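Student: I'd like to ask you about the structure that follows.
All of the numbers you see were taken from the coordinates with simple rules; none came from a lab. This structure is a prediction, so every number in the text was calculated from the model and none was measured. Counting neighbours? That spans all protein chains shown, and the Cβs are built from the backbone with ideal geometry, glycine included.
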């Protein structure tokens with residue numbers, strides 16, 4: 001999977017993963033960096049920020065920095081260690097309300113759902129939003145065990161409301177006028193959450209709900225479930241809907 005980092009003026013958004021540390025540090029060697037801003041603390045985005053911070057003497061900004069050892073980071077599953085590697089140690093600072101970047105200013109936008117630390121960065125002068133893992137595909141997909149679909153719905157709509165002219169993701173997507181796609185994904189997740197809750201209320205077991213909500217791609221889902229040791233699956237989506245429905249649905 002493609003992983004992206006962005007240098008906006010002197011501000012680095014994300015730092016890549018440690019398996020690519022030497023390549024990343026080499027590309028950045030002649031660049032001035034005054035801070036690293038993380039879209040979230042998962043290892044594919046935060047992996048090299050410790051090395052960069054030490055080399056440049058700059059701060060690493062992260063929303064909810066106390067959560068940096070959560071969401072599987074305290075003990076990475078084998079598939080995450082193989083793909084990305086363990087992140088370099090770093091000491092994050094709470095995300096400021098705005099970040100100077102040369103001639104432009106980046107506004108951090110909280111976008112929880114995929115991560116409690118998840119943050120988008122909006123450049124109001126250019127209309128560009130850096131969205132991290134908010135939007136990887138337009139459909140309802142498997143999720144990690146800590147994710148909250150209801151938070152994701154709100155976050156998708158929050159970024160859509162900015163009416164960005166361009167969205168740059170943490171995994172290679174470059175989308176012009178993304179608001180309609182963001183709203184479409186939010187609508188699809190909301191319909192899926194409604195279906196999960198109705199089927200659960202009717203007494204169906206979780207795996208049967210999964211089969212009814214996700215009518216295709218069962219083989220791929222079994223593969224990713226096994227590979228990730230249950231950390232990434234469509235069954236997690238079902239469980240997250242059930243666990244969060246009462247508290248979260250009222251806020252939508």
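Student: Determine the shape class of segment 173-219: with a ≥ b ≥ c the square roots of the Cα gyration tensor eigenvalues, call it rounded for a/c under 1.5, and otherwise prolate if a/b is greater than b/c, oblate otherwise. Before the final figure, lay out each step's value.
Tutor: Values: a/c = 5.27, a/b = 2.04, b/c = 2.58.
Because a/c hits 1.5 or more and a/b fails to exceed b/c, segment 173-219 counts as oblate.
Student: Rounded, prolate or oblate: which fits segment 6-189 when a ≥ b ≥ c are the square roots of the eigenvalues of the alpha-carbon gyration tensor, with rounded for a/c under 1.5 and prolate only if a/b beats b/c?
Tutor: oblate
Student: Here is a follow-up. Among 86, 116, 67, whose mean-square fluctuation peaks in a Gaussian network model of the chain (Cα, cutoff 10 Å)?
Tutor: Looking only at 86, 116, 67, the largest GNM fluctuation is found for 67.
Student: Taking the convex hull of the alpha carbon atoms in segment 100-252, what volume per residue do you get, in Å³? Intermediate results must be reported in sequence, preceding the final value.
Tutor: Working: hull volume 17.5 nm³, N = 153.
About 114 Å³ per residue, rounded to a whole number.
Student: With runs of 4+ DSSP H residues as the only contributors, calculate the mean residue ellipticity of the chain at 222 nm using -39,500 (n - 2.57) per run, divided by the residue total and rounded to the nearest 500.
Tutor: Values: 9 runs with 95 residues, N = 252.
It comes out at -11500 deg cm²/dmol, rounded to the nearest 500.
Student: Please list, in order, the residues from segment 223-242 whose amide nitrogen is less than 17 Å from a point placed 7 Å along the Cα→Cβ vector of residue 70.
Tutor: Zone members listed by number: 240-241.
Student: Another question, if that's okay. Using the alpha-carbon centroid of each, what span in Å lies between segment 191-234 and segment 91-126?
Tutor: So the separation of the two Cα centres works out to 33 Å.
Student: Next question. Okay, which of segment 1-38 sit inside 20 Å, backbone N to the point 7 Å along the Cα-Cβ direction of residue 166?
Tutor: Answer for segment 1-38: 2-15, 37.
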